[in-house]
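Notes follow the structure.
The values are calculated or read from the model by the stated rules, or taken from the named source; none is laboratory data. Keep in mind that this is a model prediction, so the values were computed, not measured. Glycine also receives a Cβ, built like all others from the backbone with ideal geometry; neighbour counts cover every protein chain displayed.
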Amino acid sequence: MFSILLSVGAIMTWNDNWADNASCKGARPDELFVRGAAQNRVKQICGQCPVKTECLAEALDNNMEWGVWGGTTERERRALLRRRPNVTSWRGLLEAAREQHVAAVVTVGGNTQVVAS
Ligand code: SF4
């Protein structure tokens, strides 16, 4: 139970220093800013990254045109931006969504593995 509560705290807190905790920290730019099928390899690294949401928000709010950010390719981010043209702060949107998700999980009562996701 203790580890579950720690997970909730970690999920709820927006990490302003997200780059310091990135799973790709230390990788060379030419390993990350790749094209085509090589992007799938980078996306696998993102899959376990603890700051994936922060990274995605950074890319969307700053219109990062190249590379994989937050587990998305530039093409996927363009699709997101087209789908939600009225979003003025992706950070605000994603942070609120995460807080609501955690609140919903807490309401469930912590009796499932959902909390650790
Ligand atoms: S989500 Fe991917 S690109 Fe972003 S910091 Fe994590 S590992 Fe790096």
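Residue check, residue 83 against (1) within 27 Å of residue 27 (Cα to Cα); (2) modelled with pLDDT of 95 or more, all met but one. Which one?
(1)
Does residue 91 meet the test of being under 25 Å from residue 45 (Cα atoms) and at pLDDT 95 or above? Working first, answer last.
Numbers: under 25 Å from residue 45 (Cα atoms): yes; at pLDDT 95 or above: yes.
Yes; evaluated as a whole, the condition is true for this residue.
Suppose we filter region 35-67 for residues that are within 12 Å of the ligand (Cβ to nearest atom), among the aliphatic types (A, V, I, L, M) and either touching a residue at least 60 places away in the same chain (Cβ under 8 Å) or over 23 Å from residue 82 (Cα atoms) (or both); how many remain?
Number of matching residues: 3.
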